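Engineer: If you scroll down you'll find the structure; I have some questions about it.
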């Protein structure tokens with residue numbers, strides 16, 4: 001489990017189990033065990049015996065499904081929950097359990113369908129509302145995520161995770177003060193939850209409160225020293241605060257903990273470029289691409305390679321990313337500029353499309369990369385226009401703001417530090 005969704009872990013087996021033989025008490029005990037491996041072994045033994053009433057067999061499959069969930073084997077868990085539902089289709093908590101595994105696989109549409117059914121069968125299931133809130137959040141439907149979190153909190157006001165879920169939705173809506181309020185409550189209810197500190201740090205980062213963000217990320221790391229995302233996020237805060245060396249150290253630790261962390265390679269490349277170390281930056285951008293060539297981190301890294309290499313010798317990396325990434329969605333759209341498939345005006349129009357998520361961030365990124373592309377084509381006036389627009393319009397924590405400042409400084413623009 002990732003901590004954002006919840007599974008009903010064990011259900012007691014019924015009295016009808018006495019009919020299946022003298023070994024059943026030990027296996028039934030194991031099938032309720034807190035240890036996932038014991039639970040799988042016990043439940044499997046009961047399933048293999050056969051001649052178990054459907055109601056009990058449904059419970060056994062559910063219990064084994066929760067064990068597979070705990071081990072991160074979501075496909076096996078879904079199979080078991082599906083069989084439990086086939087045997088007993090009116091138990092809402094089993095739909096909720098299966099919804100959790102769909103959510104953790106990133107299949108949010110199926111997750112929502114299962115949470116819908118769980119809520120239909122039990123309208124007072126606070127955990128189902130919380131799980132559906134999480135799924136809606138990752139589908140990008142933040143208002144519905146907040147609505148479900150509100151209902152979950154009404155039904156169970158002491159659930160720290162639901163406050164954290166709602167805070168995530170507010171954070172993605174860039175309503176940072178409400179997000180921080182929810183993360184505060186999540187931390188009050190669960191003071192040892194490293195994830196809540198990291199999430200609150202992200203809200204402080206959104207407010208450009210780098211010191212507050214760093215303090216929360218540091219606490220998250222203290223609570224969980226192997227929390228790669230907390231190191232990565234603290235690296236972001238340090239980078240935007242101007243501490244490139246500290247940022248590089250945190251990105252490096254994040255990569256040590258998770259060697260295929262494409263975004264950490266990409267951001268370390270930005271930091272190394274800020275230290276005027278283009279060779280090391282190039283290696284990081286190439287690693288970001290090779291680790292996840294279809295990711296947003298790879299798209300940004302390919303575009304930065306285009307900047308660093310002045311458009312010479314980066315064709316192979318551009319082609320690798322263009323083959324895997326979705327160039328119809330942001331930031332993939334921008335890659336078409338480097339490939340010569342879109343004009344600067346078309347990219348800016350795509351960035352400014354009404355209703356786009358994180359509109360100001362897209363406009364910021366577009367201005368920076370269009371400015372760099374103009375420099376590569378010796379269009380100084382257009383480059384300065386777009387780089388200044390990135391400097392003046394970007395959130396400080398956005399890709400494009402610090403990079404535009406550095407480029408303008410290199411070009412000798414007197415007011416390069418203005419904001």
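Engineer: Looking at the stretch 393-414, which of its residues are in a helix (DSSP H, G or I) and loosely packed, with under 14 Cβ neighbours inside 10 Å? If you could, list the steps in order and put the result at the bottom.
Structural biologist: Keep residues of the stretch 393-414 that are in a helix (DSSP H, G or I), which gives 393, 401-410.
Scanning the stretch 393-414 gives 409, 410.
Engineer: Still on this structure, I have one more. Taking residue 281 as the residue in question, decide whether it is part of a helix (DSSP H, G or I), at pLDDT 95 or above, under 21 Å from the mean Cα position of the chain (by Cα) and buried (at least 18 other Cβ atoms within 10 Å of the Cβ).
Structural biologist: Numbers: part of a helix (DSSP H, G or I): yes; at pLDDT 95 or above: yes; under 21 Å from the mean Cα position of the chain (by Cα): no; buried (at least 18 other Cβ atoms within 10 Å of the Cβ): yes.
No, not satisfied.
Engineer: Something else: Starting from residues that are under 22 Å from residue 139 (Cβ atoms) and free of Cβ contacts under 8 Å to residues at least 40 places away in the same chain, keep the ones in the stretch 83-100 and report whichever is surrounded by the most Cβ atoms within 10 Å (Cβ to Cβ). Give the derivation first.
Structural biologist: The first filter runs over the stretch 83-100 and keeps only residues under 22 Å from residue 139 (Cβ atoms), leaving 92, 95-100.
So of that shortlist, the ones also free of Cβ contacts under 8 Å to residues at least 40 places away in the same chain come out as 92, 95, 98.
Working: 92: 21, 95: 26, 98: 30.
In this case the residue turns out to be 98.
Engineer: I'm trying to understand the selection: among the residues of the stretch 184-224, which are outside any helix (DSSP H, G or I) and more than 23 Å from residue 241 (Cα to Cα)?
Structural biologist: From the stretch 184-224, those outside any helix (DSSP H, G or I) are 190-193, 207-209, 224; that's our starting set.
Correct list: 190, 191, 192, 193, 224.
Per-residue answers, yes or no, for (1) modelled with pLDDT of 95 or more; (2) in the same structural domain as residue 140 (by TED's automatic domain parsing); (3) more than 23 Å from residue 130 (Cα to Cα):
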{"residue": "10", "(1), (2), (3)": "no, yes, no"}
{"residue": "16", "(1), (2), (3)": "no, yes, yes"}
{"residue": "37", "(1), (2), (3)": "yes, yes, yes"}
{"residue": "67", "(1), (2), (3)": "yes, yes, no"}
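Engineer: Based on what the data block shows, is residue 365 under 21 Å from the mean Cα position of the chain (by Cα) and under 27 Å from residue 283 (Cβ atoms)? Walk me through it before giving the result.
Structural biologist: Working: under 21 Å from the mean Cα position of the chain (by Cα): yes; under 27 Å from residue 283 (Cβ atoms): yes.
When the stated conditions are applied, residue 365 passes them.
Engineer: Confirm whether residue 350 is surrounded by 14 or more Cβ atoms within 10 Å (Cβ to Cβ), touching a helix residue (DSSP H, G or I) at 6+ places or on another chain (Cβ under 6 Å), modelled with pLDDT of 90 or more and farther than 29 Å from residue 291 by Cα. I'd like the intermediate steps shown before the answer.
Structural biologist: Numbers: surrounded by 14 or more Cβ atoms within 10 Å (Cβ to Cβ): yes; touching a helix residue (DSSP H, G or I) at 6+ places or on another chain (Cβ under 6 Å): yes; modelled with pLDDT of 90 or more: yes; farther than 29 Å from residue 291 by Cα: no.
No; evaluated as a whole, the condition is false for this residue.
Engineer: Next question, about the same structure. Can you find even one residue in the stretch 317-324 that is within 15 Å of residue 399 (Cα to Cα) and assigned to a helix (DSSP H, G or I)?
Structural biologist: Step one: of the stretch 317-324, the residues within 15 Å of residue 399 (Cα to Cα) are none.
The answer is no; no qualifying residue exists.
Engineer: Next question, about the same structure. Identify the residue in the stretch 293-316 that is more than 15 Å from residue 269 (Cα to Cα) and either modelled with pLDDT of 90 or more or in a helix (DSSP H, G or I) (or both) and, among all such residues, is nearest to the chain's Cα centre (by Cα). Even if it seems obvious, please write down each step before you answer.
Structural biologist: To start, the set of residues in the stretch 293-316 that are more than 15 Å from residue 269 (Cα to Cα) comprises 293-295, 310-316.
Still in the list and also either modelled with pLDDT of 90 or more or in a helix (DSSP H, G or I) (or both): 293-295, 315-316.
Working: 293: 17, 294: 16, 295: 12, 315: 30, 316: 29 Å.
Filtering first and then ranking leaves 295.
Engineer: Among the residues that make up the stretch 124-137, is at least one of them farther than 20 Å from residue 108 by Cα and surrounded by fewer than 24 Cβ atoms within 10 Å (Cβ to Cβ)?
Structural biologist: Taking every residue of the stretch 124-137 in turn, at least one turns out to be farther than 20 Å from residue 108 by Cα and surrounded by fewer than 24 Cβ atoms within 10 Å (Cβ to Cβ).
Engineer: A follow-up question, please. Select from the stretch 155-183 the residues that are free of Cβ contacts under 8 Å to residues at least 12 places away in the same chain and in a loop (DSSP other than H, G, I, E, B) and write down the one among them that is surrounded by the most Cβ atoms within 10 Å (Cβ to Cβ).
Structural biologist: Within the stretch 155-183, the match that is surrounded by the most Cβ atoms within 10 Å (Cβ to Cβ) is 175.
Engineer: State which residue pairs qualify: first residue closer than 11 Å to residue 307 by Cα and inside the stretch 373-387, second residue in a helix (DSSP H, G or I) in any location, beta carbons under 6 Å apart, and separation of 6 or more residues or different chains.
Structural biologist: Every condition considered, the pairs that remain are 373/337; 374/382; 374/383; 375/383.
Engineer: Identify the single condition in (1) in contact with a helix residue (DSSP H, G or I) (Cβ under 7 Å, 6 or more places away or on another chain); (2) at pLDDT below 95; (3) more than 26 Å from residue 142 (Cβ to Cβ) that residue 333 does not satisfy, given that it satisfies every other one.
Structural biologist: (3)
The values are calculated or read from the model by the stated rules, or taken from the named source; none is laboratory data. Remember, predicted model here, so these are calculated numbers, not experimental data. Here the Cβ is made from the backbone with ideal geometry for all residues, glycine too, and neighbour counts use every protein chain on show.
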